[in-house]
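To keep things clear, I will list the structure first and then write my remarks on it.
What follows draws every value from the coordinates through simple rules; no lab data is involved. Keep in mind that this is a model prediction, so the values were computed, not measured. Heads up, the Cβs are rebuilt from the backbone with ideal geometry, glycines too, and the neighbour counts pull from every protein chain shown.
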Amino acid sequence: MPSKLVSACPALLLAISLVAALPAGAVTLTKVSETTPWPGVTLRKYRTASPSANAWAVFVDLCAAGIHVDATKYSSGFTPAGTWAQGQGAQLATNGDFFKASPTRVYGQSVGDGVPWPSTATGFDPAYATEWYYKDAGWFSFGYDGVEFSHTRQVKANPGTRTLGGWKPGTVTATFPPDALALVSGFPELVTEGVRATCTSPTATTCFPDRSDMRARHPRTAMGLTADRRTMILLVVDGRTTTSAGMYGTELAETIHKLGAWQAFNLDGGGSSQLWKQGTGYLNDYNGNNNGTGLRSVLNHWGVFAGTSSGKPARPGHCSSSAACQVLPATGGTLDNTGACFRSFGPAATWRSAAAGQGGNLVWTNAFTGPRADNWAWWRLELAAAGDYRVEFSVDAAYAKFASTRYEIFANGVSHPVTVNQSTGTGWHTLGTFHFAAGGDQFVRLFDNHPTITVPAGSRITADAVRLVPAGPACGDGTCNGTETCTTCAGDCGPCPTCGDGTCNGAETCETCAGDCGACCGNGVCDETEACGTCAADCGACPTCGDGACTGSEACDTCAADCGACCGDGVCDGAEDCASCGADCGSCGTCGDGTCGGTETVESCASDCDPSDSGAPCTDCQAPSDAGTADADGGAPDVSARARGCSSSSSAPGSFSLLCVLLGAQRRRRAPRPR
């Protein structure tokens, strides 16, 4: 309805007061019918209870083939939804934003067919700063491969504990996405990022403080979006009749939330609420909604294009999960008007095709003087690598005949308006060099209008092909140069080294990768990979055989001079003796162990080496008959067996045991007579 200020219409105030007396409860939905008139479009009719109303819901799968959403292009005229849809070739249409007729404007912002409405035709213009609705609205914006939304002023100003998403959530702003193709505004906000609006009472003055007519039951139109931004929901509820009561704002919020909306806004309602379908006409009771005064003309609309009859590309227009139409490599490339990344806008009848230009085809249209483009075209850009690229365009002289042709290059988040002379001849021409980011959301646009100059008759603009040429070193050209590194361009510079790959390269050092580069010599620690030969500073000088110290790699077998002979080789040699190497030299005798061995002698250990000192009896020793006489060699007389401690009691007189003889002989050998 044109104005929703209840106080401005006493008759409407009376009607609202009567409807407001109806009780409000939880809304129940009963599905009456469901159809799928086109792929990607589901249409349902519901009968609701609490309140009793007729409702229609349209579910649009934004990722289905052929699905596109558009809105009304600016004009000062008013049209019913069906009339506008038939003129555009849309399959479904509803009314859009609230509006005023004098001067003509919508309450929020609007974009149709990719062309923004002038600020003066929106409620965001400073001329309307004193109006109660100034900058109040939020919106849905359908762009290339995605949908964006902006919260209302009321929600942005009162976020509570929520962290808001959406477009510029902390700012009430007149800007919108640069690639907006279709944008319609609405308020109040019905569902905010999954949380629906609720009130203690649907008629309380605190309920929807930004719009008082939400506190009464009326015909309603609303728009919603699912959390994955894959499905658009359009809801129309009839009211003001005996069969359909309409809805409070809280009931509308509850209903669209139940239908799956994660984000939703109220649109113009009352007599403006209308839903039109190709082949059927209006589905709802637009006459009853308008108090029996017939079909209302409105200022802007939502349109859904589906199926092959729409004339739109088969590639869905707003699916965020769609693959890129084409990715240009770092070496650049060409986008032709026959490719998936090109699209023309505006009346199809005023775009002409010609068998000329790149690829044997181009399109052209006449140029004119005016504030907004009528026909325009764009080439979507998606780049594999960021960099500076020269942007060029191709024309054919037979169809390019305008010296002030307007382009826009949107690169790395910055818009660059460029005006060039298309009539300089057939071939490639330069728009300039610009810095592009890696990825999408970049484009080149061409417009058929010029806002200030008088366009000569016969002026034409051509949309053929554009191409990007690297302005300097580019990743992928086979040379690692400029600012390229293994991180930014492995294709040219090779993969970045990995510690542990066995090669010390790139940025690796002994500090960052001792495994590949070895330990750092000079850090005062002889690490496991260091040795005296590789780092004397940490590990000391390498030892030299003969320096008197057995160190480093020296051993008995490599340097006996420093380390001594090797014990255990079976040879008692060098510096070995029984004390240092019993394995080679035998064990050292111990005096008193009963064995005369090692270095023991009769003199050093008579107890082990002289049996006469042992005290052991020698019962079979008998003194000889010549005891006490001199030896035959004239030596001193031999001692008697008893003198040596041997007892002869067990021996026959005159006899000697073999042991005594041997011992006597041993004694004579060990004790030579004095000379």
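Structure data summary
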{"read-out": "Value at 222 nm in deg cm²/dmol, rounded to 500, when DSSP H runs of n ≥ 4 in the chain each add -39,500 (n - 2.57)", "value": "-2500 deg cm²/dmol"}
{"read-out": "Phi-based couplings in Hz for the stretch 451-466 (Karplus 6.51, -1.76, 1.60; Gly and Pro marked x)", "value": "x, 10, 8, 7, 7, x, 4, x, 6, 10, 10, 10, 10, 10, 9, 10"}
{"read-out": "Full-extension gain in nm, Ser102 to Ala555, via 0.36 nm per residue minus C-alpha separation", "value": "152.2 nm"}
{"read-out": "Cα-based Lys proximity count in the chain, under 23 Å, for pairs eight or more positions apart or on separate chains", "value": "17"}
{"read-out": "Neighbourhood net charge (9 Å Cβ-Cβ; Lys/Arg +1, Asp/Glu -1) for Asp562", "value": "-2"}
{"read-out": "Per-residue ³J(HN,Hα) for the stretch 276-285, Karplus 6.51 cos²θ - 1.76 cosθ + 1.60, θ = phi - 60°, Hz, x for Gly and Pro", "value": "10, 10, 4, x, 10, x, 6, 8, 9, 8"}
{"read-out": "Structure-derived mean projected area of the Cα convex hull in nm²: which label, when the choices are (1) 62.3; (2) 29.3; (3) 40.3", "value": "(1)"}
{"read-out": "Global geometry of the stretch 367-498, whether rounded, prolate or oblate, following the gyration tensor of its Cα atoms and the 1.5 cut on a/c", "value": "prolate"}
{"read-out": "Phi-based couplings in Hz for the stretch 432-443 (Karplus 6.51, -1.76, 1.60; Gly and Pro marked x)", "value": "x, 10, 9, 8, 10, 8, 6, x, x, 6, 9, 6"}
{"read-out": "By average C-beta atoms within 10 angstrom, highest first, the peptides 90-98, 234-242, 370-378", "value": "90-98, 234-242, 370-378"}
{"read-out": "Within the stretch 218-258: Cβ-based charge dipole about Cα centre, in debye rounded to nearest 20 (Lys, Arg +1; Asp, Glu -1)", "value": "100 debye"}
{"read-out": "Dipole magnitude (debye, nearest 20) for the stretch 317-412, charges at Cβ of Lys, Arg, Asp, Glu", "value": "240 debye"}
{"read-out": "Inter-centroid distance (Cα atoms) of the stretch 23-63 relative to the stretch 322-343, Å", "value": "40 Å"}
{"read-out": "Length released on extending from Asn158 to Thr488, taking residue separation times 0.36 nm less the Cα-Cα span", "value": "114.5 nm"}
{"read-out": "Of Ser607, Gly564, Gly518, farthest towards positive along the dipole that unit charges on Lys, Arg, Asp, Glu beta carbons give the chain", "value": "Gly518"}
{"read-out": "The stretch 357-452, relative contact order in percent, only Cα pairs under 8 angstrom and at least six apart counted", "value": "45 percent"}
{"read-out": "Sequence-separation-based contact order of the stretch 348-411, relative, with Cα cut under 8 Å and 6+ spacing, percent", "value": "29 percent"}
{"read-out": "Net charge dipole size for the stretch 193-288 [Lys, Arg +1 and Asp, Glu -1 on Cβ; Debye, nearest 20]", "value": "100 debye"}
{"read-out": "Global form of the stretch 255-310, assessed from the alpha-carbon gyration tensor, a/c cut-off 1.5", "value": "oblate"}
{"read-out": "Relative contact order computed over the chain (Cα-Cα under 8 Å; 6+ residues apart), in percent", "value": "10 percent"}
{"read-out": "Cα shape, the stretch 284-438, gyration tensor, a/c 1.5 rule", "value": "prolate"}
{"read-out": "DSSP loop GluC sites (Glu not before Pro) with at most 15 other Cβ within 10 Å excluded, longest remaining stretch of the chain", "value": "132-510"}
{"read-out": "Inter-probe distance in nm under a simple model that places probes 7 Å from Cα toward Cβ, at Thr498 and Ala204", "value": "6.1 nm"}
{"read-out": "Alpha-carbon centroid distance for the pair the stretch 414-443 / the stretch 474-543, whole angstrom", "value": "45 Å"}
{"read-out": "Between the stretch 170-235 and the stretch 66-117, the Cα center-to-center distance that results, in Å", "value": "18 Å"}
